[in-house]
Amino acid sequence: MARNIKNEIIEDVISQFEIEGRLLRYERYGNGHINDTFVVVFEDKEGPKRFILQSINTNVFKEPDKLMSNIVRVTNFLREEVKKAGGDETREVLNVINTKDDNYFYVDIEGSYWRMYLFIEDAMCLESVTRPEDFYQSGVAFGRFQKLLSDFDASSLHEVIPDFHNTPLRFERFLEAVKEDKCNRVKDVKDEIDFFISRKEDMEICKQYQDEGKLPLRVTHNDTKLNNVMIDNKTGKGLCVIDLDTVMPGLSIFDFGDSIRFGANTALEDEKDLSKVSLDLSLFEQYVKGYLEGCQGSLTDIEISMLPYGVKTMTLECGMRFLMDYIEGDIYFRIHRPEHNLDRCRTQMALVRDMEAKWDDMAKVVSKYR
Ligand code: ADP
Ligand code: GN1
Ligand code: MG
């Protein structure tokens, strides 16, 4: 559930940031599962101006100062690239607003960490694909993100959540949660648990390739959902990749895979009617095309041929994470109804089943664009 944050705390926090003008209002914003996000409106001589204020979830991100250092370094790097290309540095990259004492975050009296960004105006975040073109554009944007950061030293970034996409390790933790069964929920989700256990080997392949040096470590986003890219309202083009909390070293095929898991699903992530869930192959194709165009040849042949494995692994991993959170009493993902995590888990399972049926077609699409 959303955290209850007192108005006086939020107002104190807002006053700490270096923003000119008068505070007009603030309210909760967006659909994220992790952070608390607010839109804040100031007014100065030129009129109203919006900002995004976020409290960083320290339950999830244990070292928020390291996380902010990653974000500042990556956005500074990207800003230089945007400038070189003659782009708009206020909209094509996240801009962190400093505090009055020149820091990039503020810690409130309760110990919560806060940061502020410029609001990216005239752009939208989509929760589902209505026009295939938008999904293609999100592919171009995430591909470009990968390409632009290919000269950034991945090993110099902090690993903000260690083993974030270490799927075999997550599987081990999942088994422990099942064994512990601290909320007595395991009895109700036996079929779901068996689903993931029977796919243990599928969840190991990418990590094996990584360990054998066949897949390179890159600067990755690690949460490439459709709603983490902003689409320009006027041009319809992918404008800016946001939600950089999980930027760290990782595998490109996982960034690709998480996008497909979320965006090429014909249903929402938490749809209750599983007959609506499937992998839309034409959307898959749009994203492959966009992503590879955006990457501009920066991926290796093995990375490209492993893209479908990235998709399946991310869907299995995410489904297993939702199930584990349900089993542990909904302590990680924000939920809006009692069995929300279980519904989310079941959509991921249905999606995996459909991917298994469409496996050869997925490979064919990838070879068309390689
Ligand atoms: P979470 O980790 O909780 O998903 P996000 O950083 O993705 O948090 O932010 C939540 C939502 O807030 C986004 O989906 C988007 O709608 C909006 N948002 C975030 N940053 C900006 C920004 N700089 N400008 C405009 N909207 C933003
Ligand atoms: C979380 O915060 P949000 O909604 O962008 C999660 C992702 C999951 C996603 C599932 C830090 O992302 O890993 O794939 O929910 N982020 C973190 O919707 O755990
Ligand atoms: Mg987000």
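Annotations
- Residue in region 54-64 that is of a type in the set (Asp, Glu) and more than 16 Å from ligand 2 (Cβ to nearest atom) present: no
- Among the conditions (1) free of Cβ contacts under 8 Å to residues at least 12 places away in the same chain; (2) more than 24 Å from SER198 (Cβ to Cβ); (3) among the charged types (D, E, K, R), GLU293 misses just one, which is (1).
- Looking only at region 121-151, and only at residues there that are assigned to a loop (DSSP other than H, G, I, E, B) and under 20 Å from the mean Cα position of the chain (by Cα), the one that is surrounded by the fewest Cβ atoms within 10 Å (Cβ to Cβ): THR130
- Verdict on LYS237 being out of contact with any Leu (no Cβ under 7 Å at 6 or more places or on another chain), within 14 Å of ligand 1 (Cβ to nearest atom), assigned by TED's automatic domain parsing to the domain that holds GLU293 and not aliphatic (A, V, I, L, M): no
- Positions within region 29-48 being outside any strand (DSSP E or B) and near ligand 1 (Cβ under 10 Å from one of its atoms), in sequence order: TYR29, GLY30, ASN31, GLY32, HIS33, ILE34, ASN35
- Some residue of region 202-209 being in a strand (DSSP E or B), touching a residue at least 12 places away in the same chain (Cβ under 8 Å) and open to solvent by 10 Å² or more (accessible area, probe 1.4 Å): no
- Out of LEU94, LEU78, LEU24, sole residue that is touching a residue at least 60 places away in the same chain (Cβ under 8 Å) and in contact with a strand residue (DSSP E or B) (Cβ under 7 Å, 6 or more places away or on another chain): LEU94
- Residues of region 174-188 that turn out to be surrounded by 15 or more Cβ atoms within 10 Å (Cβ to Cβ), of a type in the set (D, E, K, R) and not in a loop (DSSP other than H, G, I, E, B), as a count: 0
- Scanning region 152-165 for residues that are assigned to a helix (DSSP H, G or I) and within 15 Å of the chain's Cα centre (by Cα) turns up nothing.
- The set of residues from region 1-21 being touching a Leu at 6+ places or on another chain (Cβ under 8 Å), closer than 12 Å to SER112 by Cβ and without any contact (Cβ under 8 Å) to a residue 60 or more places away in the chain comprises just one member, ILE10.
- Among the criteria (1) open to solvent by less than 10 Å² (accessible area, probe 1.4 Å); (2) touching a strand residue (DSSP E or B) at 6+ places or on another chain (Cβ under 8 Å), the one ASP354 does not fulfil is (1).
- Any hit, region 49-64, residues being more than 16 Å from ligand 3 (Cβ to nearest atom), assigned to a strand (DSSP E or B), touching a Gly at 6+ places or on another chain (Cβ under 8 Å) and open to solvent by less than 20 Å² (accessible area, probe 1.4 Å): no
- Residues (open to solvent by 50 Å² or more (accessible area, probe 1.4 Å) and within 18 Å of the chain's Cα centre (by Cα)) located in region 68-120: GLU92
The values are calculated or read from the model by the stated rules, or taken from the named source; none is laboratory data. Computed from a predicted model, the values in this text were never measured in an experiment. Heads up, the Cβs are rebuilt from the backbone with ideal geometry, glycines too, and the neighbour counts pull from every protein chain shown. Surface accessibility is based on the protein's heavy atoms, side chains included, excluding ligands, DNA and RNA. Shrake-Rupley method; radii C 1.70, N 1.55, O 1.52, S 1.80 Å.
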